[in-house]
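The values are calculated or read from the model by the stated rules, or taken from the named source; none is laboratory data. Model, not experiment: these values are computed from the prediction. Here the Cβ positions follow ideal geometry from the backbone for every residue, glycine too, while neighbour counts run over all protein chains shown.
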């Protein structure tokens, strides 16, 4: 029904439109993905200032009319993530996370778990939440710790979207032992007898994925570079086969 409503939202994308407007891709906790237009927002004296940029977490007033896009009539900053914006690697990591949200969650169906996960990851990249003791994610966002956190985010996002890989039993026969490979087509780890496609996965790669799903995002487990590459390949092939989504490389 047409009318105005308030919602929190994270700006996933902000696209210049016309001479002075912006079209926004937003993700909200209660309404899922929303498209909106902010009229006049690119004018020098716009009341929106610079807050309608990607990665901002906002309190918005939106008006729904007859068109596909809601109209932004008010915006208040909840989290600007200023530290994130001062780091090139952190900006790139945040952009990949927002791109993954756009590709995996492209409907108005709400997904509060995914929304909260994105907010938590942006806060970690901004340094607003505590990370592991040896290095915060923002300090090592372009290194092993940052990649481990990015992959933990993707695994948790796949879980929230309903596409998490099977990691405890063979995805084909249900066997719980001899899990030596990963098959994107099967949707998870496979035993030796079912290994006809997919790729070999090490115990370290398998353990990383299990621990990444079990532990809080801020405590994403460390792993070798080989294990992290295996984990990324596992998530990528699973989503390609079962969600028909291809994500950008995690680093």
Query raised in the report: Taking segment 80-113 as the region of interest, how many residues are over 21 Å from residue 247 (Cα atoms), touching a residue at least 40 places away in the same chain (Cβ under 8 Å) and in contact with a helix residue (DSSP H, G or I) (Cβ under 7 Å, 6 or more places away or on another chain)?
Result: 3
Report task. Out of 23, 10, report the one residue that is crowded, with 19+ Cβ neighbours inside 10 Å and either under 25 Å from residue 117 (Cα atoms) or not assigned by TED's automatic domain parsing to the domain that holds residue 107 (or both). Result -> 10
**Report entry** residue 52, sole failed condition from (1) without any contact (Cβ under 8 Å) to a residue 24 or more places away in the chain; (2) in a loop (DSSP other than H, G, I, E, B)
**Finding:** (1)
Query raised in the report: Among 186, 234, which is crowded, with 18+ Cβ neighbours inside 10 Å and either in a helix (DSSP H, G or I) or touching a helix residue (DSSP H, G or I) at 6+ places or on another chain (Cβ under 6 Å) (or both)?
Result: 234
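Is it fair to say residue 75 is in a helix (DSSP H, G or I) and either under 30 Å from residue 244 (Cβ atoms) or not assigned by TED's automatic domain parsing to the domain that holds residue 219 (or both)? Explain how you work it out, then say what you get.
Details: in a helix (DSSP H, G or I): no; either under 30 Å from residue 244 (Cβ atoms) or not assigned by TED's automatic domain parsing to the domain that holds residue 219 (or both): yes.
No; evaluated as a whole, the condition is false for this residue.
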Query raised in the report: farther than 23 Å from residue 153 by Cβ, within 25 Å of the chain's Cα centre (by Cα) and assigned by TED's automatic domain parsing to the domain that holds residue 229 - does that describe any residue in segment 184-191?
Result: yes
